[in-house]
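Chemist: Shown below is the structure under consideration.
The values are calculated or read from the model by the stated rules, or taken from the named source; none is laboratory data. Quick caveat: nothing in here was measured; it's all calculated off a predicted structure. For neighbour counting, all protein chains shown are included, and Cβ atoms are generated from backbone atoms with ideal geometry for every residue, glycine included.
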Amino acid sequence: MSDDDTTVQVYRVYIKAPAHTIWDAITKPEWTARYGYGGLSEYDPRSGGGYVGRANAGMIAHGAPEVAADGEVIEFDPPRKLVQTFRLLMDPSLAAEGFTRLTYEITESPGGVCALTVVHDVTGAPGMAALMRGDFDATGAGGGWAWTLSGLKTLLETGKEMAS
């Protein structure tokens, strides 16, 4: 296996919010619709449960399928750790790359600040790696994980959605 075949992306953001609030913002559709790509994330909260990421109205209007992403829950440990598989269905070439592995870890610190670490193992999925790095931001495809986590932090700390 070459270095090009293995890619693990790690992102960390510090958020002034309780761990349970960050957890809810990651796992509850009423929150996920307010940051990132604005889709509704639905989890069956157990190991082996399903994950569905639904497209927002704007995505559907541009031809995206209603179910934009899917996967399986591997570990569900509120409010500390969520591990899941993830496959983007909106683009046939990305869907063909198969499932990647996504881990969210929330660590509480004194003073009401939590570290949210996202580890996205995109081994063998170069298109997904590029998308999550934000390589297509200039084309309107969003800024990947950095953009999504910035939106989450903004929402939780100000109560307002980040301008898109």
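To keep it simple, each residue is scored yes or no on (1) under 15 Å from residue 90 (Cβ atoms); (2) surrounded by fewer than 17 Cβ atoms within 10 Å (Cβ to Cβ).
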{"site": "20", "(1), (2)": "no, yes"}
{"site": "27", "(1), (2)": "no, no"}
{"site": "43", "(1), (2)": "no, no"}
{"site": "59", "(1), (2)": "yes, no"}
{"site": "66", "(1), (2)": "yes, yes"}
{"site": "71", "(1), (2)": "yes, no"}
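Chemist: Is it true that some residue in region 63-70 is under 23 Å from residue 123 (Cα atoms) and charged (D, E, K, R)?
Modeler: yes
Chemist: I'm trying to understand the selection: among the residues of region 67-113, which are acidic (Asp, Glu) and touching a residue at least 12 places away in the same chain (Cβ under 8 Å)?
Modeler: Those that are acidic (Asp, Glu) and touching a residue at least 12 places away in the same chain (Cβ under 8 Å): 70, 72, 75, 91, 97, 105, 108.
Chemist: Listed residues 63, 38; which is over 26 Å from residue 159 (Cα atoms) and not aromatic (Phe, Trp, Tyr)?
Modeler: Result of the check over 63, 38: 63.
Matching residues to (1) polar (S, T, N, Q); (2) more than 15 Å from residue 148 (Cα to Cα); (3) modelled with pLDDT under 95:
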{"position": "26", "(1), (2), (3)": "no, no, no"}
{"position": "39", "(1), (2), (3)": "no, no, yes"}
{"position": "48", "(1), (2), (3)": "no, yes, no"}
{"position": "51", "(1), (2), (3)": "no, yes, no"}
{"position": "57", "(1), (2), (3)": "no, yes, yes"}
{"position": "66", "(1), (2), (3)": "no, yes, no"}
{"position": "74", "(1), (2), (3)": "no, yes, no"}
{"position": "79", "(1), (2), (3)": "no, yes, no"}
{"position": "83", "(1), (2), (3)": "no, yes, no"}
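Chemist: Ok, one more. Hey, can you tell me all the residues within region 1-51 that are polar (S, T, N, Q), under 22 Å from residue 69 (Cα atoms) and in a helix (DSSP H, G or I)?
Modeler: Across region 1-51, the qualifying residues are 27, 32.
Chemist: While we're here: Residue pairs, Cβ under 9 Å, 6 or more apart or interchain, first in region 53-64 and assigned to a strand (DSSP E or B), second aromatic (Phe, Trp, Tyr). List them.
Modeler: 53/37; 53/86
Chemist: Do you know which of the residues in region 101-151 that are farther than 22 Å from residue 70 by Cβ and among the hydrophobic types (A, V, I, L, M, F, W, C) is modelled with the lowest pLDDT?
Modeler: Going through the qualifying residues, I end up with 138.
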